[in-house]
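Participant: I have a structure here, written as structure tokens, and I will follow up with some questions on it.
The values are calculated or read from the model by the stated rules, or taken from the named source; none is laboratory data. These figures come from a predicted structure and were not determined experimentally. We place every Cβ from the backbone using ideal geometry, glycine too, and count neighbours over all the protein chains shown. Heavy atoms of the whole protein, side chains included, go into the accessibility calculation; ligands, DNA and RNA do not. Shrake-Rupley method; radii C 1.70, N 1.55, O 1.52, S 1.80 Å.
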Amino acid sequence: MVAMHSDPRFDQLRRSLMRFVLPVSIGFLTWYLLYVLMSAYARGVMSTVLFGDVNVALVFGILQFVSTFGIAIMYARYADRKVDPLADDLRAELTGANTSAGRTGGRA
């Protein structure tokens, strides 16, 4: 099993995962930091009423949740296409099972 860590396919799997995770994590953390900093230092902007009782801060807060769910959906699609097939093949090789023959392209 230790030999798998030096396998080029394992390196490819890690690179595929990091190709998505790193930029999206940086982007989301930047977006969240913007929200926190604006809430702390740009209260005038954040308290701007857009309509009724809805202000900029409320919209930013709701968009935090929307972006979180959006990232989760994007990751699930990315993993189905790029990460899971390679991980399944490596797992099958490690366990001696043949899961790639039964793979239908989606999750069960």
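Participant: Accessible area of Phe51, 1.4 Å probe, to the nearest 10 Å²?
Facilitator: Taking all protein chains as shown, Phe51 has close to 130 Å².
Participant: Something else about it: Using each residue's phi in region 53-67, evaluate 6.51 cos²θ - 1.76 cosθ + 1.60 at θ = phi - 60° and report the 3J(HN,Hα) Karplus result to the nearest Hz, with x for Gly and Pro.
Facilitator: 9, 8, 10, 4, 4, 5, 5, 4, x, 5, 5, 4, 5, 4, 5
Participant: Taking the Cβ-Cβ separation of Asp80 and Val36 as r and a Förster radius of 30 Å, what is the calculated FRET efficiency to the nearest 0.05?
Facilitator: According to the calculation, E is roughly 0.40.
Participant: Can you give the extra length, in nm with one decimal, that the chain gains between Gln64 and Ala97 once fully stretched, where that is 0.36 nm per residue apart less the Cα-Cα distance?
Facilitator: Full-extension gain reported as 7.7 nm.
Participant: Around Asn55, which amide H atoms from residues at least 5 apart in sequence, or from another chain, sit under 5 Å from its own amide H, with H modelled in the peptide plane?
Facilitator: Residues meeting the criterion, in which the H sits 1.01 Å from N, are Leu50.
Participant: How many percent of the accessible area of region 42-89 is carbon or sulfur, using a 1.4 Å probe?
Facilitator: The value for region 42-89 is 71 percent carbon and sulfur by accessible area.
Participant: For the chain, what does -39500 (n - 2.57) per DSSP helix run (n ≥ 4), summed and divided by total residues, give at 222 nm, in deg cm²/dmol to the nearest 500?
Facilitator: One gets -23000 deg cm²/dmol as the mean residue ellipticity at 222 nm.
Participant: For Val21, what accessible area in Å² do you get when you roll a 1.4 Å probe over the heavy atoms of the protein chains, rounding to the nearest 10?
Facilitator: Accessible area of Val21: about 50 Å².
Participant: Turning to a different aspect of this structure: Over the chain, one equal point on each Cα, no solvent: what is log10 I(q)/I(0) by the Debye formula at q = 0.10, 0.14, 0.16 Å⁻¹?
Facilitator: Reported log10 I(q)/I(0), two decimals: -0.49, -0.71, -0.81.
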